[in-house]
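What follows is a single structure, written as structure tokens, with notes after it.
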Amino acid sequence: MTEVLVLIDAPDGKVTKPSLELLTIARRIGEPSAVVFGSADTDTLTQYGAEKIYTYDDAVYSEFLVGPKAEALAQLVTETSPAAVLVGASTEGKEISARVALKTESGWISDAVDVQASGDSVTTTQSVFAGNFTVQSSITKGAPVITVKPNSTTPEAAAGAGAVEAKTAEVSEAAKTAKITSTKVKEASGRPELTEAAIVVSGGRGTGGDFTEVEAFADTLGAAVGASRAAVDSGWYPHSFQVGQTGKTVSPQLYVANGISGAIQHRAGMQTSKTIVAVNKDDEAPIFELVDFGVVGDLKSVLPQATEEVKKRKG
Ligand code: FAD
């Protein structure tokens with residue numbers, strides 16, 4: 001079986017859920033080979049199906065922006081001729097993968113929500129124009145380089161051989177032009193990362209700017225907090241929590257929209273959630289067209305009751 005290269009994201013060595021999703025997707029196409037810059041928990045990679053683990057351990061990869069990683073990965077693509085290269089659809093992932101595609105003269109597809117083997121090639125599915133269209137494509141030149149959106153699948157464990165191979169690459173001076181001078185570590189909120197969370201509780205303009213009830217409900221469920229653009233534009237919640245076309249795409253098991261009308265641009269970021277619940281005081285709000293369960297009421301009174309009920313049931 002042909003190798004499938006998977007670029008692993010592992011801040012502080014801990015492999016992220018989107019990387020485990022990529023390993024799961026890679027197994028549909030061929031034999032997953034994890035590519036790690038710096039360190040990553042190799043036991044986890046093996047547990048999720050990595051047959052090989054290529055490690056690049058050189059300060060150059062953390063000292064400079066994407067250039068050195070892109071050069072090393074492009075060299076590995078040339079060396080291994082993989083069936084595909086899978087990369088998370090993060091800002092860094094898109095930058096690295098686009099450069100790899102250019103250097104290896106391969107086709108590039110970004111923001112795939114599904115990747116499947118089809119005969120000798122690979123077919124991807126993208127959801128475009130605010131989720132109104134689904135596009136299926138396959139690459140006909142080089143090794144398909146594909147970025148995949150987080151939450152495109154559920155990570156499934158399936159032990160691989162996990163053979164670690166330390167690699168070196170030739171990094172040109174041109175790749176070392178953008179040096180990292182400082183890194184700001186995000187303050188930990190104690191909540192799961194928005195795009196990785198199994199449950200997301202979001203607030204919109206209907207919160208009136210006070211997210212207390214939304215956050216309290218999220219915390220009883222161990223959920224991440226999201227926000228509509230109206231809430232973000234009003235300065236009530238940071239942009240990094242915005243869900244939608246110009247924010248993040250989430251696809252949790254449960255999405256709870258509170259005081260959110262359900263504009264098409266918001267739906268684009270959450271409509272693939274498995275179960276959708278909305279709390280809105282307007283029974284004609286468009287969000288109710290989309291929900292599995294709807295509560296017509298004031299979130300200021302519904303959410304505290306829901307929070308109490310969850311606490312009671314948890315004991
Ligand atoms: P509103 O539409 O004002 O809805 C507020 C809702 O709260 C209403 O339905 C109301 O009945 C309800 N409500 C009020 N008080 C209460 C209460 N006490 N209890 C319960 N319910 C209450 N939007 C996004 O969210 N994400 C995006 O990424 C995004 N990208 C965009 C990109 C473009 C190019 C454009 C043009 C728009 C974009 N928007 C995006 C904006 C989008 O069109 C909507 O304006 C926005 O989603 C509205 O946010 P909202 O639902 O919080 O506010």
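Of all residues in the stretch 228-261, those satisfying the criterion of being within 6 Å of the ligand (Cβ to nearest atom), surrounded by 21 or more Cβ atoms within 10 Å (Cβ to Cβ), not in a helix (DSSP H, G or I) and not hydrophobic (A, V, I, L, M, F, W, C) are 228, 242, 244, 247, 259. Taken as a whole, the condition of being within 17 Å of the chain's Cα centre (by Cα) and farther than 30 Å from residue 263 by Cβ applies to residue 86. Of the listed requirements (1) surrounded by fewer than 20 Cβ atoms within 10 Å (Cβ to Cβ); (2) under 16 Å from residue 17 (Cβ atoms), residue 152 misses just one: (1). Screening the stretch 96-152 for residues that are acidic (Asp, Glu) and either farther than 26 Å from residue 265 by Cβ or assigned to a loop (DSSP other than H, G, I, E, B) (or both) and picking the one that is modelled with the lowest pLDDT gives 120. Against the definition (crowded, with 21+ Cβ neighbours inside 10 Å, more than 18 Å from the chain's Cα centre (by Cα) and over 25 Å from residue 194 (Cα atoms)), how does residue 63 come out, yes or no? Spelling it out, it is not the case that residue 63 is crowded, with 21+ Cβ neighbours inside 10 Å, more than 18 Å from the chain's Cα centre (by Cα) and over 25 Å from residue 194 (Cα atoms).
Taking the condition within 10 Å of the ligand (Cβ to nearest atom), more than 18 Å from the chain's Cα centre (by Cα) and touching a residue at least 40 places away in the same chain (Cβ under 8 Å), does residue 204 pass? It is true that residue 204 is within 10 Å of the ligand (Cβ to nearest atom), more than 18 Å from the chain's Cα centre (by Cα) and touching a residue at least 40 places away in the same chain (Cβ under 8 Å). Here 261, 273 are screened, and the one residue that is modelled with pLDDT under 95 and not hydrophobic (A, V, I, L, M, F, W, C) is 273. Please work out if residue 184 is basic (Lys, Arg) and either in contact with a His (Cβ under 8 Å, 6 or more places away or on another chain) or in contact (Cβ under 8 Å) with a residue 60 or more places away in the chain (or both). So residue 184 does not fit the description; no.
The values are calculated or read from the model by the stated rules, or taken from the named source; none is laboratory data. Quick caveat, the model's predicted, so the values are computed rather than measured. Every residue, glycine as well, gets a Cβ built from its backbone with ideal geometry; the counts of neighbours run over all protein chains shown.
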